[in-house]
Amino acid sequence: MTILIVNILLAVIPAVFLMIYFYRKDKKPEPAVLIWKVFVIGFFSVIPAGLIEHFIEPFTYISDPLTAIFARAFIMAALVEETTKLLVVKTFVYNKPQFDEITDGVVYAITASMGFACFENILYSSGGTAVVLVRAFTAVPLHAVASGIMGYYIGLSKFRQKKDMYAGLIYAVIIHGLYDFFLFTGTVLSFLVIPLLLICGIILKKLLNRAIQSDLLNGRS
């Protein structure tokens, strides 16, 4: 029981830490109540996403192994999960007056994704401490960078064109899909998730800084 509790804590802490980290990057912080609301909704959004993935899974049973892996990685996992997180932000905060900066798109998308990752981690916590720790340094950052990059374009869409939001979704699906594809092969390609996360982390940092500067220059912060 003690080990299980420790594993659950290890599953929750990385997601909450990253959520708070990016929350504090916002020059005009969002209401804490709204942040936690999005986190909780993101947490429970795993349920409908899981049901959709369960429905799609039989269609990924393709005779060619590589095509099957591609379908599971990019469609069953990446497309479903990133679309779910986009819908959480679009439905529950996008049209609220508090969402008034490009930076807010990054913050809310990462918040929703950390809720999502938190639920996933708890599900995997029964697999042992090693599994939880590996996910803390790979799967959790993956959700953060993929959704964070998407979030930049969600924020951008508030002040430019609506299609920016869907461009962000495409980028998130590509990043998430590549991550899962590398892992699902079960080969040496799995090690490519490390450079993928590092590169995407650098991109997210640059986009976040760009959002913060744009918000400051345009008087939104």
Name the pairs whose Cβ atoms lie under 8 Å apart, with the first residue in the range 82-94 and in contact (Cβ under 8 Å) with a residue 12 or more places away in the chain and of a type in the set (Ser, Thr, Tyr), the second in a loop (DSSP other than H, G, I, E, B) and surrounded by fewer than 24 Cβ atoms within 10 Å (Cβ to Cβ), and 6 or more positions between them or separate chains? Thr84/Ser45; Tyr94/Lys158
Does the range 84-110 hold any residues that are among the hydroxyl-bearing types (Ser, Thr, Tyr) and over 14 Å from Leu207 (Cα atoms), and which are they? Thr84, Thr91, Tyr94, Tyr108
Taking only pairs six or more apart or across chains, which ones have beta-carbon atoms under 8 Å, a first residue in the range 6-19 that is under 13 Å from Ala139 (Cα atoms) and of a type in the set (S, T, N, Q), and a second residue that is open to solvent by 30 Å² or more (accessible area, probe 1.4 Å) and assigned to a helix (DSSP H, G or I)? none
Scan the range 29-60 for residues that are of a type in the set (A, V, I, L, M, F, W, C), more than 15 Å from Met114 (Cβ to Cβ) and open to solvent by 70 Å² or more (accessible area, probe 1.4 Å) and jot them down. Val33, Ile47, Leu51, Ile52, Phe55, Phe59
Taking the condition open to solvent by less than 80 Å² (accessible area, probe 1.4 Å) and farther than 30 Å from Asn218 by Cα, does Ala73 pass? yes
Here the residues within the range 81-96 that are surrounded by fewer than 20 Cβ atoms within 10 Å (Cβ to Cβ) and either within 23 Å of Phe184 (Cβ to Cβ) or of a type in the set (D, E, K, R) (or both) are Thr83, Lys90, Lys96
Tell me yes or no: at least one residue of the range 200-218 is part of a helix (DSSP H, G or I), open to solvent by 70 Å² or more (accessible area, probe 1.4 Å) and closer than 24 Å to Phe119 by Cβ. no
Going through Gly177, Gly151, Gly186 one at a time, which residue ends up being closer than 24 Å to Ile35 by Cα and not aliphatic (A, V, I, L, M)? Gly151
Check the range 116-128 and report whether any residue there is small (Gly, Ala, Ser), in a helix (DSSP H, G or I), open to solvent by 30 Å² or more (accessible area, probe 1.4 Å) and at pLDDT below 95. yes
Test result for Leu196, in a helix (DSSP H, G or I), under 30 Å from Thr67 (Cα atoms) and open to solvent by 60 Å² or more (accessible area, probe 1.4 Å): no
When you go through (1) more than 12 Å from the chain's Cα centre (by Cα); (2) more than 21 Å from Pro31 (Cα to Cα); (3) buried (at least 17 other Cβ atoms within 10 Å of the Cβ) one by one for Ala68, which number turns out not to apply? (3)
Looking at the range 129-177, which of the residues that are open to solvent by 10 Å² or more (accessible area, probe 1.4 Å), closer than 20 Å to Tyr23 by Cα and in a helix (DSSP H, G or I) is modelled with the lowest pLDDT? Ala136
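The values are calculated or read from the model by the stated rules, or taken from the named source; none is laboratory data. Just so we're clear, the structure is a prediction, and the values are computed from it rather than from any experiment. No Cβ is skipped: glycine too gets one built from the backbone with ideal geometry, and neighbour counts run over all protein chains shown. We work out accessible area using only protein heavy atoms, side chains counted, and drop any ligands, DNA or RNA first. Shrake-Rupley method; radii C 1.70, N 1.55, O 1.52, S 1.80 Å.
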